[in-house]
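Note sheet for the following structure.
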Amino acid sequence: MALLDRFKLTGKVAIVTGAGRGIGRACALAFAEVGAKVVCAARTEEQIQDTANQVRHLGSDAVAVRCDVNERADLEQLVDATLGRFGRIDILVNNAGGTPPCEALYTSERMFEEAFHFNVTSAFLLTRLAVPHMLRTAGEGVVLNISSAAGRFPLAGFVAYSTAKAALSHMTRVLGQEFAPKVRVNAIAVGATETSALVPFLNDELRAKMEALTPMRRLGSVEDIALAALYLVSPASSWVTGKVLEVDGGTETSNWPFPPPSI
Ligand SMILES: NC(=O)c1ccc[n+]([C@@H]2O[C@H](COP(=O)([O-])OP(=O)(O)OC[C@H]3O[C@@H](n4cnc5c(N)ncnc54)[C@H](OP(=O)(O)O)[C@@H]3O)[C@@H](O)[C@H]2O)c1
């Protein structure tokens, strides 16, 4: 088999949460390009339908499933809909997540717990729901968690988000050990990437500051992340599990362009 064939996902079924736009959409399209059938999940019907249409346009099959990852019943329904339509689950990408910055002393207990639930618990629950079906239908599988550089180095002003992403990264390491050798579990620690979660907050000056603070001198594109995701969900990475791949333009400290809040 040619080495490049190990990046193919022919016949595989992938669930991608947050597939309506940004990194999730780019992952869905990348997987479709190499033959995966994609289950596109998020809350905005029109956006997931659009991603699903693009997947079909690329010659693969897709279904859009409305799902709020914060709702357990929606996660159960997402797994049921996947099995109903495609009869198997090979790949799960826990991509939906994110929490806006908020100074620690203004972060309420509720905000902190909501950030944890959205970024960590929802990924844990969906993994717990999907993995038994991976084992039953395919006998193996792959989970990919979309974490953040903010979970790797301290990012002042983002206590809830950073702490939650650090937990998501560590959960990845634990589950990688626990599910080996049948199910691989990896994460990407994503650096600042041009999506609707970031771009609306940037003007030319702030963007220039972030680029100057990034060794590779540019922000990430969604394709930068999707290419790493493709590696981690494909047989190309069959000897990689429990790892957090840093895709961040080389950053080792924060490139957030605002001064840290002071108390
Ligand atoms: N962009 C960055 O710089 C960056 C950096 C590090 C890590 N990340 C991580 O990358 C992931 C994707 O972020 P992004 O930048 O691509 O964001 P984005 O452009 O805002 O897209 C987020 C996607 O998630 C969906 N979503 C949001 N809340 C959801 C919910 N409760 N249930 C289901 N789907 C939901 C959104 O659709 P609906 O609103 O319609 O549901 C949308 O499809 C996040 O986990 C984020 O923390 C991003």
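The values are calculated or read from the model by the stated rules, or taken from the named source; none is laboratory data. Note that this is a predicted model, so its numbers are computed, not measured. When we count neighbours, we look across all protein chains shown, and the Cβ atoms used for this are built from the backbone with ideal geometry, even at glycine.
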- Restricting the first residue to segment 168-183 and requiring it to be of a type in the set (D, E, K, R), which pairs with a second residue that is part of a helix (DSSP H, G or I) meet a Cβ separation below 7 Å and a spacing of at least six or different chains? 182/135
- Message: Among the listed residues 171, 210, identify the single one that is surrounded by 15 or more Cβ atoms within 10 Å (Cβ to Cβ) and over 17 Å from residue 120 (Cβ atoms).
- Response: 210
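In segment 181-224, which residues are part of a loop (DSSP other than H, G, I, E, B) and of a type in the set (D, E, K, R)?
Within segment 181-224, 182, 194, 217, 218 qualify.
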- Just checking, which of 185, 174 is in contact with a strand residue (DSSP E or B) (Cβ under 7 Å, 6 or more places away or on another chain) and farther than 19 Å from residue 254 by Cβ? 185
- Message: Testing residue 157 on (1) within 19 Å of the chain's Cα centre (by Cα); (2) within 15 Å of the ligand (Cβ to nearest atom), one condition comes back false. Which one is that?
- Response: (1)
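When you check residue 246 against the structure, is it more than 24 Å from residue 126 (Cβ to Cβ), under 14 Å from the mean Cα position of the chain (by Cα) and either at pLDDT 95 or above or not in a helix (DSSP H, G or I) (or both), yes or no?
no
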- Item | Among the residues listed as 139, 191, the single one being closer than 27 Å to residue 211 by Cβ and in contact (Cβ under 8 Å) with a residue 12 or more places away in the chain | 191
- Candidates 14, 96, 81, 115 - the one that is of a type in the set (Gly, Ala, Ser), touching a residue at least 40 places away in the same chain (Cβ under 8 Å) and assigned to a strand (DSSP E or B): 14
- Task: Would you be able to say whether some residue in segment 116-137 is surrounded by fewer than 23 Cβ atoms within 10 Å (Cβ to Cβ), in contact with an Asp or Glu (Cβ under 8 Å, 6 or more places away or on another chain) and within 20 Å of residue 196 (Cβ to Cβ)?
- Result: no
- Being surrounded by fewer than 18 Cβ atoms within 10 Å (Cβ to Cβ), among the hydrophobic types (A, V, I, L, M, F, W, C) and within 27 Å of residue 158 (Cβ to Cβ) is the filter here, so list the residues in segment 225-246 that pass it. 227
- Message: Suppose we keep only residues that are assigned to a helix (DSSP H, G or I) and within 21 Å of residue 15 (Cα to Cα) within segment 134-161. Which one would you say is modelled with the lowest pLDDT?
- Response: 137
- For residue 80, state whether it is near the ligand (Cβ under 8 Å from one of its atoms), out of contact with any helix residue (DSSP H, G or I) (no Cβ under 9 Å at 6 or more places or on another chain) and at pLDDT 95 or above. no
- Message: Restricting to segment 162-205, and then to whatever is among the aliphatic types (A, V, I, L, M) and modelled with pLDDT under 95, can you tell me which residue is farthest from the ligand (Cβ to nearest atom)?
- Response: 202
- Residue among 13, 38 that alone is within 15 Å of the ligand (Cβ to nearest atom), closer than 20 Å to residue 128 by Cα and not aromatic (Phe, Trp, Tyr): 38
